[in-house]
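Report on one structure; see the data block that follows.
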Amino acid sequence: MAAPRSIVILTGAGISAESGIDTFRSAGGLWEQHRVEDVATPEGFARNPDLVLNFYDMRRAALAAVEPNPAHRALARLEREFAGELLLITQNVDDLHERGGSGQVLHMHGELKSALCQSCETRSPWHGTMIERPPCPVCRAPTLRPDVVWFGEMPYQMGRIYQALETCDLFVSIGTSGAVYPAAGFVQEARAAGSRTLELNLEPSEGSRMFHETRLGPASVVVPEWVDEVLGS
Ligand code: BJW
């Protein structure tokens, strides 16, 4: 194909798997260890806030023990060296893209290292725990929750995402199962707008048929290979 001028990349849990972060739907993944309804819905949080705060406190603390892998670093290199437009969207709440060197990352499902105040609605950087109900840094109310997007909630920056999907000429999906909307529908949006679509995954996702091309393999291998190809190196 002709060299792309505008690329939108969507990443999912698979890109961080080789760094040691559990995916959600793989065997032994997070949803086999916890019921989705209990830890990833507003209703679950209302029923048992301690369970949910502890689930996210543990995952936030676990970030200290993991490192970005070659796939994160390759996307950071793409951001530095690609002459066209690039939007990196991640469904991941970890900070491995940033620690791998990416400067501009759109976290559509929020971030572990951010707190959302249920009283004043401010989002604040957060590195500690929430189980002890610390005060909001802005309004002092003890009403912080993890700044992540649960089922039934609206993901962040959807307007900006749909605008980029309308105008990109290449959409690339990396390490996501295609089981969760609206992200699972991005491939159709991009295709409908005339973009070429590429999937990089360990195994075909639920929406694999919708992509023009699928390349299978671990992200630490297939992502750097694809970035080399785009940059012509
Ligand atoms: C590797 C690898 C390696 C492994 N190398 N690859 C019916 C139809 C359509 C929609 C709905 C419906 N009923 C309900 C809905 C809406 C609902 C939804 O999608 N439900 C589905 C269950 C059907 N969605 C929502 O509620 C969303 N909000 C919403 O829709 O608002 C309304 C709206 C309307 C219109 C426009 C916009 C919005 C919110 C969804 C929130 C999801 N939240 C979570 C938790 C976030 C916080 C946290 O981390 O705890 O987000 S759920 C979880 O799933 C997390 C992930 O970001 C998300 C996606 O998971 P991901 O990343 O794909 O991981 P896995 O585990 O599924 O897959 C891993 C992949 O990696 C696999 O493919 C492996 O092969 C691969 N892999 N190792 C490369 N080494």
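The values are calculated or read from the model by the stated rules, or taken from the named source; none is laboratory data. These figures come from a predicted structure and were not determined experimentally. Cβ sites come from the backbone with ideal geometry, for glycine too, and all protein chains shown count toward neighbours. To get the accessible areas, we keep the full protein, side chains included, count just its heavy atoms, and leave off ligands, DNA and RNA. Shrake-Rupley method; radii C 1.70, N 1.55, O 1.52, S 1.80 Å.
Taking 0.36 nm per residue of separation and subtracting the current Cα-Cα distance, fully stretching the chain between Glu203 and Val138 would add 19.0 nm.
To one decimal place, what Kirkwood hydrodynamic radius in Å is obtained for the range 1-44 from all pairs of distinct Cα atoms? Computed over Cα pairs of the range 1-44, the Kirkwood hydrodynamic radius comes out at 13.0 Å.
Averaged over its residues, the chain has an accessible area of 47 Å² per residue, based on protein heavy atoms and a 1.4 Å probe. Calculation over all alpha carbon pairs of the range 1-86 in 5 angstrom steps from 0 returns a P(r) of 3, 12, 16, 18, 16, 12, 10, 8, 5, 2, 0 percent.
For the range 22-164, the equivalent ellipsoid derived from the Cα gyration tensor has semi-axes of 27, 18, 15 Å, listed largest first. In the range 130-233, one over the average inverse separation of all distinct C-alpha pairs is 16.1 Å, which is the Kirkwood hydrodynamic radius. Give the angle, between 0 and 90 degrees and rounded to the nearest 10, that separates the Cα long axis of helix 49-62 from the longest principal axis of the Cα atoms of the chain. The two axes meet at around 50 degrees. FRET efficiency for the Asn48 to Ala27 pair, using the beta carbon distance and R₀ = 25 Å, is estimated at 0.45.
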